[in-house]
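A.B. asks: Got a structure for you, questions after.
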Amino acid sequence: MSAATSSPERQRDNVLAAVESVGGHVMAWADDWEVSGATDPMTRPRLGPWLRGERGPYDGIAGAAVDRLGRNLVDCLNTGYMMRDTGKLLLTYGHDGPWDLDDPNDENRFTMEAWGAQMELRAIQRRNREATIKARQKGRVKAKPSYGYEFIRLAPMAAVDRVALHPHASTVIRTVAQRILADPEQITASSEAVRLTRAGELSPSDHRAVLYGRRPEGRPWQSSGLRDILLSEAALGYLMHGGRPVIGEDGHPVRVAEPLWDRATHEALKRVIRQRGRAHPAGDRVSNHKYLLTGILFCGQCHTQLNTHPTPEERGGRRYQCKARWRGIRGAEHCKPSPSYTVKGLDARIENWFLSQYGKGMIMETVYDAGDGTPERIAEVEAARRRLRDDREAGLYDAPDDAAWFRDRYAEMGRELSMLRRLPVRAPGMVTRPTGETIEDKWHKAPDNLAKKEILKDFGVRVTLWPFSAPRRWHAGILHGPHPERII
């Protein structure tokens, strides 16, 4: 999209000129921007459905040039012959009228232009490979910045001068890591992806689009993508290639930026996220229901979770109601009469009770204390030495010169580890400290009921509802703390 010779505006003008030259008009556009020219036209997101006959009838296709059909000779010829065999027009700017592939002259010219497009693609790919190798050897970045980072250029189109932490994105992802480490049982990558989407934080792809001046598409956060960011060693500020850190001449990974967190935090995140994945292989999902008490409200008679149901007689209002007996759930045969309460009324009672009991309390946050850094340095050197050993076992240092280099680096790392292990250590860990904000402040700042529900869950609140005829009608309990239960 940024190349001046193939800008969207110029290509659009060329397509319109080609169509007008045969007295036609455009009925639809297939704009596959940012899709590689090496992609088969049949599988492109916008053009593919038309070629596969999934978008209805049309008279033909028009492109700004033959190389816009594809950068592969076979793909171009297949598309051109398909247009010929199905009786459709094939137009490109710069060619007088539609292509006639039954005419030897047109067929030869079309083939030569497609061949030229393929040769140009091969040259581009070769230059990119060489540039990547050269950048890697010199410790420079070549790919897109990982989430939390940005490339700093001294001029708009200049080479990358350095990699820096993005002021906002780095704060977002560091907060996610701290929340997961502070409460790994309740807070997961899945729940954090939902929270970030709900809070309106740009997803990594939309964040990158904004960095490069493009319009965000409003894509939600994906738990898998968030896990990849948290688990990647790119968060340690390393230069990455093929998902692995690039190793420098000293045998250590090449660091190109300030880390988002240290090695110990990285290992803790790996341990927590992978243990959670083994315990919940299908993933951990949080409720997206907009109601305050869904998921923490239970029936006092059959102990089933209560959901909301519409009540037409209340003009569109909703009620929390137990319908376990109506649904035939085992153990709910005698849940009669079933408890019921208006959503608005019960939400208000729970809010008033919770804030009256705990609203003035100070919020304490659990954060990671890095200690004196010695354990992190030991972990860094151990990881680098383990990486070298794995590469040696894979046969990467079998040559005599490489073997000598490997022995020197490995021995040097061993000496460094011995020296570090003799140093006094203040171990890292989680510490709790006051935030200066009360629970009531946080409650009123919450953007929606889902955020308020997270606060209730942090306190282990569980609400039990009985029918009107029961001795007590509802009960709110705190599952931990100095007072295990409070009955209202």
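The values are calculated or read from the model by the stated rules, or taken from the named source; none is laboratory data. Small disclaimer: the values here were computed from a predicted structure and weren't measured. Backbone-built Cβ (ideal geometry, glycine too); neighbour counts: all protein chains shown. Quick note on the areas: whole protein, heavy atoms, side chains included, nothing else; ligands and nucleic acids left out. Shrake-Rupley method; radii C 1.70, N 1.55, O 1.52, S 1.80 Å.
A.B. asks: For Arg55, only one of the following conditions fails: (1) more than 20 Å from Trp99 (Cβ to Cβ); (2) open to solvent by less than 30 Å² (accessible area, probe 1.4 Å); (3) touching a residue at least 24 places away in the same chain (Cβ under 8 Å). What is its number?
C.D. replies: Among (1) more than 20 Å from Trp99 (Cβ to Cβ); (2) open to solvent by less than 30 Å² (accessible area, probe 1.4 Å); (3) touching a residue at least 24 places away in the same chain (Cβ under 8 Å), Arg55 violates only (2).
This table checks each residue for (1) outside any helix (DSSP H, G or I); (2) loosely packed, with under 15 Cβ neighbours inside 10 Å; (3) under 36 Å from the mean Cα position of the chain (by Cα).
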residue	(1), (2), (3)
Val19	no, no, no
Met27	yes, yes, yes
Ser36	yes, yes, yes
Cys76	no, no, yes
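A.B. asks: For the subset of the range 353-383 comprising residues that are open to solvent by 50 Å² or more (accessible area, probe 1.4 Å), part of a helix (DSSP H, G or I) and closer than 20 Å to Ser232 by Cα, which member is modelled with the lowest pLDDT?
C.D. replies: Arg377
A.B. asks: On the given criteria, is Asn128 at pLDDT 90 or above and open to solvent by 20 Å² or more (accessible area, probe 1.4 Å)? I'd like the intermediate steps shown before the answer.
C.D. replies: Values: at pLDDT 90 or above: no; open to solvent by 20 Å² or more (accessible area, probe 1.4 Å): yes.
No, not satisfied.
A.B. asks: Taking the stated definitions as given, is Ala65 touching a helix residue (DSSP H, G or I) at 6+ places or on another chain (Cβ under 8 Å) and under 28 Å from Arg214 (Cβ atoms)? Steps first, answer last, please.
C.D. replies: On the way: touching a helix residue (DSSP H, G or I) at 6+ places or on another chain (Cβ under 8 Å): yes; under 28 Å from Arg214 (Cβ atoms): yes.
The answer is yes for Ala65.
A.B. asks: For Ile273, all conditions in the list (1) over 19 Å from Tyr147 (Cα atoms); (2) open to solvent by less than 50 Å² (accessible area, probe 1.4 Å); (3) of a type outside the set (Lys, Arg); (4) out of contact with any strand residue (DSSP E or B) (no Cβ under 9 Å at 6 or more places or on another chain) hold save one; what is the number of the exception?
C.D. replies: Checking Ile273 against (1) over 19 Å from Tyr147 (Cα atoms); (2) open to solvent by less than 50 Å² (accessible area, probe 1.4 Å); (3) of a type outside the set (Lys, Arg); (4) out of contact with any strand residue (DSSP E or B) (no Cβ under 9 Å at 6 or more places or on another chain), the one that fails is (1).
A.B. asks: What number of residues within the range 132-163 are surrounded by 15 or more Cβ atoms within 10 Å (Cβ to Cβ) and at pLDDT 80 or above?
C.D. replies: 8
A.B. asks: Here are the criteria: (1) under 26 Å from Arg392 (Cβ atoms); (2) in contact with a Leu (Cβ under 9 Å, 6 or more places away or on another chain); (3) open to solvent by 40 Å² or more (accessible area, probe 1.4 Å). Tell me which single one Glu258 does not satisfy.
C.D. replies: With respect to (1) under 26 Å from Arg392 (Cβ atoms); (2) in contact with a Leu (Cβ under 9 Å, 6 or more places away or on another chain); (3) open to solvent by 40 Å² or more (accessible area, probe 1.4 Å), Glu258 is out only on (1).
A.B. asks: Restricting attention to the range 209-222, and to residues there that are open to solvent by less than 100 Å² (accessible area, probe 1.4 Å) and modelled with pLDDT of 90 or more, which single residue is nearest to Arg179 (Cα to Cα)?
C.D. replies: Trp221
A.B. asks: Name the residue that is nearest to the chain's Cα centre (by Cα), counting only residues in the range 390-404 that are under 15 Å from Gly248 (Cα atoms) and loosely packed, with under 15 Cβ neighbours inside 10 Å.
C.D. replies: Step one: filter the range 390-404 for residues under 15 Å from Gly248 (Cα atoms), giving 391, 396-397, 402.
Those still in the list that are loosely packed, with under 15 Cβ neighbours inside 10 Å too: 396, 402.
Working: Leu396: 33, Asp402: 39 Å.
Among residues in the range 390-404 that are under 15 Å from Gly248 (Cα atoms) and loosely packed, with under 15 Cβ neighbours inside 10 Å, the one nearest to the chain's Cα centre (by Cα) is Leu396.
A.B. asks: Is it fair to say Arg68 is out of contact with any Ser or Thr (no Cβ under 8 Å at 6 or more places or on another chain) and either surrounded by fewer than 17 Cβ atoms within 10 Å (Cβ to Cβ) or not polar (S, T, N, Q) (or both)?
C.D. replies: Details: out of contact with any Ser or Thr (no Cβ under 8 Å at 6 or more places or on another chain): no; either surrounded by fewer than 17 Cβ atoms within 10 Å (Cβ to Cβ) or not polar (S, T, N, Q) (or both): yes.
When the stated conditions are applied, Arg68 does not pass them.
A.B. asks: Among the residues of the range 114-124, is there at least one that is assigned to a helix (DSSP H, G or I), acidic (Asp, Glu) and either open to solvent by less than 60 Å² (accessible area, probe 1.4 Å) or in contact (Cβ under 8 Å) with a residue 24 or more places away in the chain (or both)?
C.D. replies: Of the range 114-124, the ones assigned to a helix (DSSP H, G or I) are 114-124.
In the following step, the residues that additionally are acidic (Asp, Glu) were identified as 120.
Adding the requirement that they be either open to solvent by less than 60 Å² (accessible area, probe 1.4 Å) or in contact (Cβ under 8 Å) with a residue 24 or more places away in the chain (or both) leaves 120.
Yes: the range 114-124 contains one or more residues that are assigned to a helix (DSSP H, G or I), acidic (Asp, Glu) and either open to solvent by less than 60 Å² (accessible area, probe 1.4 Å) or in contact (Cβ under 8 Å) with a residue 24 or more places away in the chain (or both).
A.B. asks: While we're looking at this one, here's another question. Have a look at Arg179, Arg195 and point out the one that is touching a Lys or Arg at 6+ places or on another chain (Cβ under 9 Å), surrounded by 15 or more Cβ atoms within 10 Å (Cβ to Cβ) and under 19 Å from Asp262 (Cα atoms).
C.D. replies: Details: Arg195 fails: under 19 Å from Asp262 (Cα atoms).
Testing whether each residue is touching a Lys or Arg at 6+ places or on another chain (Cβ under 9 Å), surrounded by 15 or more Cβ atoms within 10 Å (Cβ to Cβ) and under 19 Å from Asp262 (Cα atoms) leaves just Arg179.
A.B. asks: Would you check if there is a residue in the range 85-96 being at pLDDT 90 or above and in a helix (DSSP H, G or I)?
C.D. replies: yes
A.B. asks: Could you tell me whether Met430 is modelled with pLDDT of 85 or more and either at negative phi or among the aromatic types (Phe, Trp, Tyr) (or both)?
C.D. replies: On the way: modelled with pLDDT of 85 or more: no; either at negative phi or among the aromatic types (Phe, Trp, Tyr) (or both): yes.
No, not satisfied.
A.B. asks: Condition first: touching a Pro at 6+ places or on another chain (Cβ under 6 Å) and either open to solvent by 40 Å² or more (accessible area, probe 1.4 Å) or part of a loop (DSSP other than H, G, I, E, B) (or both). Now tell me which residues in the range 232-246 satisfy that.
C.D. replies: We begin by selecting, within the range 232-246, every residue touching a Pro at 6+ places or on another chain (Cβ under 6 Å); these are 233, 236-238, 245.
Within the range 232-246, just Gly237 meets the criteria.
A.B. asks: Considering (1) touching a strand residue (DSSP E or B) at 6+ places or on another chain (Cβ under 8 Å); (2) farther than 29 Å from Arg386 by Cβ, say which one Arg198 fails and leave the rest.
C.D. replies: The failed condition is (1).
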